[in-house]
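We did not get these values from a lab; they are worked out from the coordinates using the rules stated. Predicted, not measured: the structure shown is a model, and the values here were computed from it. Backbone-built Cβ (ideal geometry, glycine too); neighbour counts: all protein chains shown.
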Amino acid sequence: MTRILDVTTSVLPENKPRYLMGVGKPIDLVAGVIRGVDMFDCVLPTRSGRTGQAFTRNGQVNIRNARHSADPRPLDELCECPACNGFSRGYLHHLVKSGEILGAMLLTWHNLHYYQELMNGLRQAISINKLDNFVQSFMEMQTKGDIKAI
Ligand SMILES: [Zn+2]
């Protein structure tokens, strides 16, 4: 995708909005923005939320994994969404594993909030000409992962 974006964005007019359909994961949004894409749409944050997947600053979390069953941490410790401010990973794990619709709702809410925050951060970084710094920080946090140090 990035190889094709390199080719296509280089010939698109810079004064027109650029839309990339069906993308995608946070890292793909960042890769698109770096190449001049302005708009995205994708089912991923909502579909993933309904299936127990959360996108966080520290990478993707599968809340269905047993390692979350007694984890008192929120999905994302820096997130201000209601899911991260009222519910532990352990409780979200219970909700999702039990098939409670509230689990899907909370993970979807979190994912949409995270995507909004990510795009807001990208817009702000572009406005102050610090996109490279933002991307470097994003990549460091994504690769750090979310496994709790013991
Ligand atoms: Zn959250």
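General remarks:
- Output for region 74-103, where each listed residue is touching a Ser or Thr at 6+ places or on another chain (Cβ under 9 Å), over 23 Å from residue 141 (Cβ atoms) and crowded, with 20+ Cβ neighbours inside 10 Å: 96
- Among the residues of region 1-20, none qualifies, meaning not one is within 16 Å of the ligand (Cβ to nearest atom) and either under 22 Å from residue 108 (Cβ atoms) or assigned to a loop (DSSP other than H, G, I, E, B) (or both).
- Of the numbered criteria (1) closer than 17 Å to residue 103 by Cα; (2) within 16 Å of the ligand (Cβ to nearest atom), the one residue 51 fails is (2).
- The lone exception for residue 36 - which of (1) closer than 30 Å to residue 6 by Cα; (2) free of Cβ contacts under 8 Å to residues at least 60 places away in the same chain; (3) within 16 Å of the ligand (Cβ to nearest atom); (4) in contact with a helix residue (DSSP H, G or I) (Cβ under 7 Å, 6 or more places away or on another chain) it fails: (3)
- Looking only at region 68-101, and only at residues there that are of a type in the set (Asp, Glu) and more than 14 Å from the ligand (Cβ to nearest atom), the one that is farthest from the chain's Cα centre (by Cα): 100
- Hits in region 95-150 - residues which are under 19 Å from residue 31 (Cα atoms) and of a type in the set (A, V, I, L, M): 112, 118, 119, 122, 125, 126, 128, 131, 135, 139, 141
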